[in-house]
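Here is the structure we will look at, set down as structure tokens.
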Amino acid sequence: MKKSLIGLAVLLSLLHKITALQLLLNNRPYDNRHTDNLGNPAILHCEVVNNTNDQSLIWYRGTQQVDIKSENSVNASHICIPELTIEDNGVSFTCLLKQNTSMKLSLQMNVLFPPILSGETEILAQEGKTVQITCGFKANPAAVMFWRQNNSLFTLPSRYKQDMTTDTLQLTIEKATKADSGTYTCVASTNGTESVRVIELIVGDRQPGLPVEAIAAAVVVGALIIAFGVFARREKVFKACKKRQHETAM
Ligand SMILES: *[C@@H]1O[C@H](CO)[C@@H](O)[C@H](O)[C@H]1NC(C)=O
Ligand SMILES: *[C@@H]1O[C@H](CO)[C@@H](O)[C@H](O)[C@H]1NC(C)=O
Ligand SMILES: *[C@@H]1O[C@H](CO)[C@@H](O)[C@H](O)[C@H]1NC(C)=O
């Protein structure tokens, strides 16, 4: 008698487990991950199963609640992302039961994209000064990052220092010489495919300061601007100044 009662209790608890209210996110009863390429659409589908009455669902993108239509919230709900962006990468989308928010499932977005490199492509430097060459990068999956000098791999001389953060690769050259001039190629390698950004370094003569002519010219130009109020010409003047500095640096 006692044994059969225990058996019944076990059976009931099993039945309860099977029929207990549950959430499914993209048909899975556990947290999961969605991997797809940049630009592709993604649909996230959340549903309540084993419910006996209407159950409302809500969504969060990261810590921000997502606006959904009320008809897209009862018993089942979906979110459509027309085009996955880099900003979606790593973001968690969470579906929660409105009445009991401790019932929830999350999906982490894993957006695949080839390396994107950024930063200046020409650096004018002075002999004897410290030069920094910086290459910004983003990639998923992560890329192996390194430099090439004049198109060949090189072992860094002691005057050269390489630093890397999660999104920048930096080369610091102390006491630059004219022979350090050349191309510095920032290379991002993923699965044997390389993405590159070529940065040209031009090390010129040491400059004592602003050339006297440039200062004189600036004074004259400044006086003209005040005298005639030709503020519209400012841009042109700046351009002329830049060009002049550039010439003297060569
Ligand atoms: C939600 O599910 C319950 C239980 O199955 C059902 O009675 C109800 O009609 C459903 N509501 C809608 C809007 O589908
Ligand atoms: C909310 O859901 C949790 C996890 O499923 C459950 O343990 C708890 O009993 C629920 N609370 C209510 C008030 O239904
Ligand atoms: C790179 O090549 C240029 C042109 O041939 C040369 O002047 C320069 O010294 C080279 N730079 C290095 C660091 O080898």
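The values are calculated or read from the model by the stated rules, or taken from the named source; none is laboratory data. Just so it is clear, the model here is predicted, and its values are computed rather than measured. No Cβ is skipped: glycine too gets one built from the backbone with ideal geometry, and neighbour counts run over all protein chains shown.
Residues to consider are VAL187, VAL196; find the one that is touching a residue at least 60 places away in the same chain (Cβ under 8 Å), among the aliphatic types (A, V, I, L, M) and within 21 Å of LEU112 (Cβ to Cβ).
Of the residues listed, the single one that is touching a residue at least 60 places away in the same chain (Cβ under 8 Å), among the aliphatic types (A, V, I, L, M) and within 21 Å of LEU112 (Cβ to Cβ) is VAL196.
How do the pairs read when you match residues in the range 130-142 that are free of Cβ contacts under 8 Å to residues at least 40 places away in the same chain and over 14 Å from THR165 (Cα atoms) with residues anywhere that are surrounded by 15 or more Cβ atoms within 10 Å (Cβ to Cβ) and not aromatic (Phe, Trp, Tyr), using Cβ under 8 Å and keeping only pairs 6 or more apart or on different chains?
Taking only residues 6 or more apart or on different chains, not a single pair turns up.
Which numbered condition trips up ILE202, out of (1) in contact with a Leu (Cβ under 8 Å, 6 or more places away or on another chain); (2) at pLDDT below 95?
(2) is the only condition that ILE202 fails.
Counting just the residues of the range 89-121 that are surrounded by 17 or more Cβ atoms within 10 Å (Cβ to Cβ) and within 16 Å of ligand 1 (Cβ to nearest atom), which one comes out farthest from the chain's Cα centre (by Cα)?
LEU97
Which of the residues that make up the range 151-179 are crowded, with 17+ Cβ neighbours inside 10 Å, within 16 Å of ligand 3 (Cβ to nearest atom) and aliphatic (A, V, I, L, M)? Reasoning before the result, please.
Of the range 151-179, the ones crowded, with 17+ Cβ neighbours inside 10 Å are 160, 169-171, 173, 176.
Now narrow it down to the ones that are within 16 Å of ligand 3 (Cβ to nearest atom): 160, 171, 173, 176.
The answer is LEU171, ILE173, ALA176.
I need the strands (runs of 3 or more DSSP E) fully contained in the range 44-150, keeping only those with at least 2 residues that are within 16 Å of ligand 3 (Cβ to nearest atom). Before you say what the answer is, go through the steps one by one.
Numbers: elements: 57-61, 76-81, 92-97, 104-118, 122-126, 131-140, 144-149.
Correct list: 122-126, 131-140, 144-149.
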